[in-house]
Amino acid sequence: MKISRRRFLTILAASALLPTSAPAMQWQGQALGADCNITLSGPAHRAEAALAALPALLRKIEAEFSLYDPGSALCRLNAAGSLPDASPAFHAVIALSDQINRATDGAFDPTVQPLWQSHSTGQTVHVPIGWHHLTLDPLTLKPGMALTLNGIAQGFATDAVQALLASHGFSHALINIGEYAAIGGPFRIGINDPQFGQLAQKTLTNRAIASSAPRATLIAGHPHIQHPRGRPALWSSVTVEADNAAMADALSTALVFQGAEFIRALTIPGLHAVSVVTPSGDYSTLR
């Protein structure tokens, strides 16, 4: 079953309200199942050059992390159980996944992919679930294991586009590839919950922001975000601000399973703020 991240993130994604100065150019497209939108302020000729390079960059990222392209690095890993030719980008995402897994007491765990497959087919899976079953060097899975990087790959793509634009000299841009990242700012971002609507606004400057809501998409009645040990989500949605979008993406995914005390005590470099919406619709910022 292919999950429409585009629909899910359209529900969650906030509208970005740009500064009063008119943007030079906008670009729209798709990557990793999400709608993409990039707004630049700067000389038109520079924007055209930067945006012309985007499709190739996004295709390269799809070729690494897509769950639906049999030739992607991720699909090859899942099929063969090992990936001896993993790229530096793939290793970087695995390394950050390992860091977030440890920081969140295992709540962020890409080995839950078989649980999605189980819910979509109605068949019980008997395969190893848990990040500790993964061998990192060389990258190897136990028989039957499979990874999903949906909880971090869009953030990684957002960061890659941000780096591309910065390399072209842009100092004012807003990137939306399912998660938001700002070069410069300020940008006003609305915080939306799929059940309760827009509840707050954030001002984003040189940071990234991501939201996750477990029940925004259901698979045979099950939330699309799964805990490796079967724990239920505690929040209707979680929004995270961080230095980079990959971290914000992964942490927002993991922290739907963690309580307020854990979130307040969480110390990880690059994390700036965490906001939550309770199942009854109460919004608060925990850190």
Checklist outcome for this item: With criteria (1) of a type in the set (A, V, I, L, M, F, W, C); (2) more than 19 Å from the chain's Cα centre (by Cα); (3) open to solvent by 30 Å² or more (accessible area, probe 1.4 Å), Leu141 comes up short on (3)
Checklist outcome for this item: Considering segment 261-279, residues that are in contact with a Lys or Arg (Cβ under 9 Å, 6 or more places away or on another chain) and β-branched (Val, Ile, Thr), and then whichever is surrounded by the most Cβ atoms within 10 Å (Cβ to Cβ), we arrive at Val274
Checklist outcome for this item: The lone condition Leu136 fails out of (1) within 30 Å of Ala52 (Cα to Cα); (2) open to solvent by 40 Å² or more (accessible area, probe 1.4 Å); (3) touching an Asp or Glu at 6+ places or on another chain (Cβ under 7 Å) is (1)
Next on the checklist: So in segment 14-39, with the set limited to residues that are more than 22 Å from the chain's Cα centre (by Cα) and over 27 Å from Gly197 (Cβ atoms), which one is modelled with the highest pLDDT?
Outcome noted: Met25
Checklist entry - What's the number of the condition Asn101 fails, among (1) at pLDDT 95 or above; (2) surrounded by fewer than 21 Cβ atoms within 10 Å (Cβ to Cβ)? => result (2)
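Got a sec? Which of Leu77, Leu96, Leu83 is out of contact with any Lys or Arg (no Cβ under 9 Å at 6 or more places or on another chain) and open to solvent by less than 20 Å² (accessible area, probe 1.4 Å)?
Among Leu77, Leu96, Leu83, only Leu77 is out of contact with any Lys or Arg (no Cβ under 9 Å at 6 or more places or on another chain) and open to solvent by less than 20 Å² (accessible area, probe 1.4 Å).
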Checklist entry - Any residue at all in segment 157-171 that is open to solvent by 30 Å² or more (accessible area, probe 1.4 Å) and assigned to a strand (DSSP E or B)? => result no
Next on the checklist: Which of the numbered conditions does Ala246 fail, given that it passes all the others? Conditions: (1) at pLDDT 95 or above; (2) part of a strand (DSSP E or B).
Outcome noted: (2)
Next on the checklist: Considering only residues that are in contact with a Cys (Cβ under 8 Å, 6 or more places away or on another chain), closer than 22 Å to Gln162 by Cβ and either open to solvent by 60 Å² or more (accessible area, probe 1.4 Å) or part of a helix (DSSP H, G or I) (or both), which ones fall in segment 53-73?
Outcome noted: Leu58
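The values are calculated or read from the model by the stated rules, or taken from the named source; none is laboratory data. If you're wondering where the values come from, they're calculated on a predicted model, not measured in any experiment. When we count neighbours, we look across all protein chains shown, and the Cβ atoms used for this are built from the backbone with ideal geometry, even at glycine. Side chains included, ligands, DNA and RNA excluded: accessible areas come from the protein's heavy atoms. Shrake-Rupley method; radii C 1.70, N 1.55, O 1.52, S 1.80 Å.
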